[in-house]
Each structure stands twice: as structure tokens, then as C-alpha cells.
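K.L.:
Following this message is one structure expressed as C-alpha cells.
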Amino acid sequence: MNAATLAFGILFTTWLALTVVVQFHYERINFFRRFDVLNLLPTWTFFAPNPGSTDYHIIFRNRFESGEVTAWRDALPIPKQNAICAVWNPQKRHVKVVGDAVSSILEAYATARSKGQSKESIESALIFFGPYLVILNLVLQSAGHPPKTVSLQFAIVERTSFGREAPPRPILLSQFHRIR
Amino acid sequence: MSTMEPEIDVSSTAQWVIYVYSVSVILTSLEYLSISRQFSDVGYYSWKVFRITGQVPRLSARLMTLQNVLLGRTGVRTLLLLRLTAAVGAITSPLGTWRQWLALAMLAVLSCIFSWRQKYGEDGADQMTNLVGITLFLVVGPFQPELLLFFGICFIALQAMLSYLSAGVAKLISPVWQSGAAVGLIVDNATYGSQGAGNFLRKLPGVGKAVTWGTVLFEVTFPVMIFLPWPAPAIALVSGACFHLSIALVMGLNNFVPAFLSTYPALFFVSQLTNGGVLNLPG
């Protein structure tokens with residue numbers, strides 16, 4: 001075995017060991033994950049321990065110069081699954097982006113609350129938070145903003161079991177964001 | 001050496017990994033190309049937004065300018081088309097040739113750039129595809145020693161086993177999964193299910209429990225089955241393929257099929273090795 005092969009052997013062993021370590025979601029162990037900008041240390045705990053059993057809907061409404069506000073509309077309706085999706089499903093990426101951004105917002109919100117921050121201070125700080133801007137951008141780029149719109153507001157709404165057992169629950173309401 | 005012991009060839013294993021990995025890359029690239037307008041400055045995946053999410057390290061002004069050009073809509077479309085071309089090149093080139101190695105190198109680099117770009121929206125299938133791709137780039141080529149190819153194949157197999165074991169253990173210790181309700185809850189929503197699937201499992205909760213516990217047991221026992229005598233490894237691999245196909249059908253997670261099946265030749269290789277196979281390292 002030459003030196004290069006040995007070096008790669010050590011690399012693979014280290015990579016595997018680090019992957020094992022990050023399966024345990026401990027803050028102190030996972031501090032080096034911030035350096036994993038290329039996502040080479042995957043967490044393989046799919047749908048566990050908490051299975052993803054919630055739909056997140058991003059709804060928005062527009063406000064005109066007159067002060068009139070439109071009804072709430074869905075910015076990015078979740079596409080229906082069909083047989084084609086088993087083979088071809090590019091739309092799943094949009095849904096995943098929403099899910100990732102919302103999960104990050106909820107995690108940050110919970111962490112801030114656990115540290116004693118008030119709801120108002122958290123919500124005012126959220127507008128500087130990356131995932132919040134991702135959601136805001138999604139709303140801005142979604143179709144259907146009337147030309148008279150001067151500002152818009154969005155909400156993140158959580159729904160389980162297609163709303164059969166409980167009505168959808170708003171979990172975040174943004175301020176009105178001026179767009180013109 | 002007994003004549004009954006099968007010879008197992010790490011080279012043909014690596015070639016099959018490359019075939020399925022390339023299919024995974026082709027599928028993902030085509031899907032992203034079909035929605036590539038979302039990578040524009042006025043799209044859902046605008047780089048102007050993603051780059052200020054705080055997850056992008058600070059770079060010098062020149063590198064930032066280069067980054068902005070490469071990761072805008074035109075740059076991403078070019079990147080995806082190059083990925084597509086490289087994947088076809090990897091499939092059509094003989095193993096261990098410069099042409100194939102250059103194709104794998106392009107795939108590894110372009111996939112890393114794309115991971116950097118897509119801070120949101122990527123999933124475990126993408127991570128497995130990238131991991132396999134980088135490993136192939138490091139171990140397959142005209143100048144890499146054959147022992148290194150062996151290390152790479154074993155690494156891919158071990159990562160695959162870890163993925164199933166980690167997923168299974170995390171489910172095993174979860175009260176929701178232990179109750180048998182998890183799969184019913186997951187498919188009873190629009191994100192990863194449908195009204196039809198949800199209604200079906202609500203009407204037949206026993207089926208839901210069986211599928212939930214079946215998922216846990218499959219994932220936890222998968223790595224063990226690979227090391228057991230034949231036909232246990234075959235049962236594990238066929239079950240795995242059926243598992244991923246059914247997830248694609250019910251939940252729309254189509255990209256997990258080629259991503260995880262690309263590791264199956266490596267898993268088959270390891271199962272044969274641990275079942276008395278004689279390793280044939282070419283040269």
C-alpha cells in the first residue's frame with residue numbers, strides 16, 4: 001500500500017466517523033457542522049424522530065394605496081401527487097424550499113423564546129433572518145399581484161390531515177412589506 | 001483456493017455504481033433544468049436572496065463577482081447542462097480511462113458548486129448522490145491503485161448501511177413511530193402524501209401500523225442482512241428497491257430511487273466479500 005492509498009484510506013475512515021457523529025443531534029458535537037458548506041456530512045434520520053406530518057402553506061394579501069386589502073391567497077399551492085411524480089417531480093423542490101425555510105424560522109423562534117426574548121422582539125428581528133427573506137421572496141415572485149399593490153403581508157399557516165380534524169393554524173404573520 | 005468460492009470483481013462493481021449514479025445525476029439535472037427560470041433574480045431560488053441568508057462565507061470582491069455570475073440563472077443552466085454532459089460521458093466511457101475520470105471530476109466539482117448554491121431545497125438523495133460522486137472521483141481513474149478502488153467501494157457501502165441504520169434507530173426510539181401511527185400521519189398530508197393514501201390508511205389502521213413497523217424493522221436490520229449468508233443480502237437489496245419505489249409512488253420522492261440504488265452494487269460487493277468471496281483486484 002503506497003502513501004497516497006493510505007492517506008485516502010484515512011480520509012474515508014475519518015469521513016465515515018464524522019458522519020456517524022453527526023447522526024447524534026448534540027450541539028457540542030455538531031459545532032463543526034457550520035464548516036460543512038458543501039453538505040458532505042449528511043444526517044440520515046429521515047422523518048425521525050418526528051415524522052413530517054404537517055403541510056405549511058404560505059398565504060398572502062395585497063394592500064393598495066387606498067388602504068383596501070385583498071383576500072388571503074395561497075402563494076405556492078402544494079401540487080397534488082400523481083403517478084407521474086414517481087418518475088418526474090421537479091415541483092417537489094419548491095415544496096422542500098418552503099419546508100426548509102419554515103423549519104429554520106420555527107427553530108430560531110423556539111430558540112429565541114427559550115432564551116427569554118419577547119414575541120415582539122423576535123418578530124421584529126425576523127425580517128433580517130435569511131429563511132424569512134426566502135419566504136418573502138417566494139411571495140413576491142408568486143403570480144397574481146395586482147398592479148395597484150403598494151405593500152403585501154404574508155402568513156405561514158400549518159395544516160394537518162388536509163384540515164379534516166382541525167382548521168389550519170397560522171403560526172407566523174408578517175408585517176406589511178412595501179413593494180412600491 | 002477452492003473452486004467453489006466466487007470471484008468478486010471490484011472493477012465491475014465500480015462500473016455499475018457509476019451507471020446508476022449517472023442516472024441519478026441526469027434525473028436531478030433535467031428536473032432542475034425544467035424549473036431553471038426560478039434561478040433568475042426574480043425567481044424562487046434567486047441568488048440575490050440565497051447569498052444573503054448568512055450561510056455563505058464572506059469572500060473577496062472579485063470572488064463575489066465571479067460567484068454572482070456563476071450562480072445566476074445563466075450560470076446555473078450552464079452548470080446543469082455540463083452536469084448532464086458529464087454524466088453521459090461517465091456512462092459511455094470505459095472504466096479507468098482518462099475520459100471517464102475527467103467526467104467524474106466534472107461531476108464532483110459541479111455537484112459541490114450546486115450544493116453551495118442551493119442552500120434550500122436539497123434532500124438526502126442529493127447528499128447521497130454527491131457523496132457517491134466525490135468518492136468515485138477520488139478512486140476511479142487511470143492512475144489510482146486498485147486497492148483505492150476497493151476502499152472507495154467499501155466506503156460507499158458503509159455509508160449506505162449507516163444511512164439505513166441511522167434512519168431506523170431514530171424511528172425505533174420515536175414514540176410516534178412506536179405507536180404505529182407515523183406512516184399514516186406522513187401520507188395524510190399534501191406535502192408527502194395524498195387524500196387517497198391518507199383515507200386508505202385511516203380506514204385500515206392495521207395496515208398503517210404494519211407499514212410503520214415494517215419500515216422500522218427493514219431499516220434497522222438492513223445492514224445486518226448484508227453480512228448474513230445468502231439469500232439474506234438478496235432479500236435486503238430487493239426489499240430496499242421495493243421500499244424506495246413505493247416511496248416514490250406514494251410520496252413523490254422519485255430521486256431517492258437512483259440515489260440509493262447507486263450504492264447497491266457496492267452493498268452486493270461487500271455481501272459477497274463477507275460470504276467467502278475471493279477478491280479479484282485487477283492488475
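The values are calculated or read from the model by the stated rules, or taken from the named source; none is laboratory data. From a predicted model like this one, the values you see are computed outputs, not experimental measurements. Cβ: placed from backbone, ideal geometry, glycine included. Neighbour counts: every protein chain shown. Keep in mind that these areas ignore ligands, DNA and RNA; they rest on the heavy atoms of the full protein, side chains included. Shrake-Rupley method; radii C 1.70, N 1.55, O 1.52, S 1.80 Å.
K.L.:
Report every pair of residues separated by at least 6 positions or lying on different chains whose Cβ atoms are under 9 Å apart, first residue within the range A:139-167 and at positive phi and surrounded by fewer than 18 Cβ atoms within 10 Å (Cβ to Cβ), second of a type in the set (S, T, N, Q) and not in a loop (DSSP other than H, G, I, E, B).
P.N.:
Listed by first residue and then by second, the contacts come to A:GLY144/A:ASN62; A:PHE162/B:GLN195.
K.L.:
Return the residue satisfying two criteria in turn: it lies in the range A:29-42 and is at the interface with chain B (Cβ under 10 Å from one of its Cβ atoms) and open to solvent by 30 Å² or more (accessible area, probe 1.4 Å), and of such residues it is modelled with the lowest pLDDT.
P.N.:
A:ARG34
K.L.:
For residues in the range B:135-147 being without any contact (Cβ under 8 Å) to a residue 40 or more places away in the chain and facing chain A (nearest Cβ under 7 Å), which is surrounded by the most Cβ atoms within 10 Å (Cβ to Cβ)?
P.N.:
B:LEU138
K.L.:
Right, another one. Mind listing whichever residues of the range A:56-76 are closer than 13 Å to A:ILE179 by Cα and loosely packed, with under 14 Cβ neighbours inside 10 Å?
P.N.:
A:GLU65 - this is the single residue of the range A:56-76 that is closer than 13 Å to A:ILE179 by Cα and loosely packed, with under 14 Cβ neighbours inside 10 Å.
K.L.:
What helices (runs of 4 or more DSSP H) lie completely within the range B:9-87 and have 1 or more residues being in contact (Cβ under 8 Å) with a residue 12 or more places away in the chain, over 27 Å from A:PHE128 (Cα atoms) and open to solvent by 30 Å² or more (accessible area, probe 1.4 Å)?
P.N.:
By residue number, B:10-34.
K.L.:
When the residues of the range A:111-149 are narrowed to those that are more than 14 Å from the chain's Cα centre (by Cα) and among the aliphatic types (A, V, I, L, M), which ends up modelled with the highest pLDDT?
P.N.:
Residue satisfying both the conditions and the ranking: A:LEU140.
K.L.:
Six or more apart or on different chains, Cβ atoms under 8 Å: show the pairs whose first residue is in the range A:36-60 and within 22 Å of B:TYR164 (Cβ to Cβ) and whose second is assigned to a loop (DSSP other than H, G, I, E, B) and hydrophobic (A, V, I, L, M, F, W, C).
P.N.:
A:PRO49/B:ILE173
K.L.:
Any idea which residue in the range A:91-112 is most open to solvent (accessible area, probe 1.4 Å), counting only those that are hydrophobic (A, V, I, L, M, F, W, C), within 16 Å of A:PHE128 (Cβ to Cβ) and more than 7 Å from chain B (Cβ to nearest Cβ)?
P.N.:
Looking at the filtered set, the residue picked out is A:ALA108.
K.L.:
Mind checking which residues of the range A:52-66 are at the interface with chain B (Cβ under 7 Å from one of its Cβ atoms), in a loop (DSSP other than H, G, I, E, B) and at pLDDT 90 or above?
P.N.:
A:THR54, the sole residue that qualifies.
K.L.:
Out of all the residues in the range B:200-228, which are more than 26 Å from the chain's Cα centre (by Cα) and over 20 Å from A:ALA86 (Cα atoms)?
P.N.:
B:ARG202, B:LYS203, B:LEU204, B:PRO205, B:GLY206, B:VAL207, B:GLY208, B:LYS209, B:ALA210
K.L.:
Criterion first (farther than 21 Å from A:ALA166 by Cβ, open to solvent by 50 Å² or more (accessible area, probe 1.4 Å) and more than 14 Å from chain A (Cβ to nearest Cβ)) does B:VAL224 satisfy it?
P.N.:
For B:VAL224, the condition - farther than 21 Å from A:ALA166 by Cβ, open to solvent by 50 Å² or more (accessible area, probe 1.4 Å) and more than 14 Å from chain A (Cβ to nearest Cβ) - is met.
Condition check ((1) facing chain A (nearest Cβ under 8 Å); (2) within 18 Å of B:PRO258 (Cβ to Cβ); (3) not in a helix (DSSP H, G or I)) across all residues:
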{"site": "B:LEU95", "(1), (2), (3)": "no, no, yes"}
{"site": "B:GLN100", "(1), (2), (3)": "no, no, no"}
{"site": "B:VAL109", "(1), (2), (3)": "no, no, no"}
{"site": "B:THR129", "(1), (2), (3)": "no, yes, no"}
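K.L.:
Among the residues of the range A:1-21, write down those that are open to solvent by less than 50 Å² (accessible area, probe 1.4 Å), of a type in the set (A, V, I, L, M, F, W, C) and either at pLDDT below 85 or closer than 25 Å to B:PHE243 by Cα (or both).
P.N.:
Answer for the range A:1-21, where residues must be open to solvent by less than 50 Å² (accessible area, probe 1.4 Å), of a type in the set (A, V, I, L, M, F, W, C) and either at pLDDT below 85 or closer than 25 Å to B:PHE243 by Cα (or both): just A:LEU16.
K.L.:
Among the numbered criteria (1) modelled with pLDDT under 95; (2) surrounded by fewer than 18 Cβ atoms within 10 Å (Cβ to Cβ); (3) charged (D, E, K, R), which single criterion is violated by B:LYS209?
P.N.:
(1)
K.L.:
A follow-up question, please. Regarding the range A:141-150, can at least one residue be identified that is facing another protein chain (nearest Cβ under 8 Å) and assigned to a helix (DSSP H, G or I)?
P.N.:
Kept after step one, since they are facing another protein chain (nearest Cβ under 8 Å), are these residues of the range A:141-150: A:141.
Restricting the remaining residues to those that are assigned to a helix (DSSP H, G or I) gives A:141.
Checked the range A:141-150: at least one residue is facing another protein chain (nearest Cβ under 8 Å) and assigned to a helix (DSSP H, G or I).
K.L.:
Being touching a Pro at 6+ places or on another chain (Cβ under 9 Å) and more than 7 Å from chain A (Cβ to nearest Cβ) is the filter here, so list the residues in the range B:173-195 that pass it.
P.N.:
Once the filter is applied, which keeps residues that are touching a Pro at 6+ places or on another chain (Cβ under 9 Å) and more than 7 Å from chain A (Cβ to nearest Cβ), the range B:173-195 yields B:PRO175, B:GLY180, B:ALA181, B:VAL183, B:GLY184.
K.L.:
Could you check the range B:167-230 for helices (runs of 4 or more DSSP H) lying wholly inside it with 3 or more residues that are on the phi < 0 side of the Ramachandran plot and touching a helix residue (DSSP H, G or I) at 6+ places or on another chain (Cβ under 6 Å)?
P.N.:
Ranges flagged: B:182-187, B:195-203, B:205-227.
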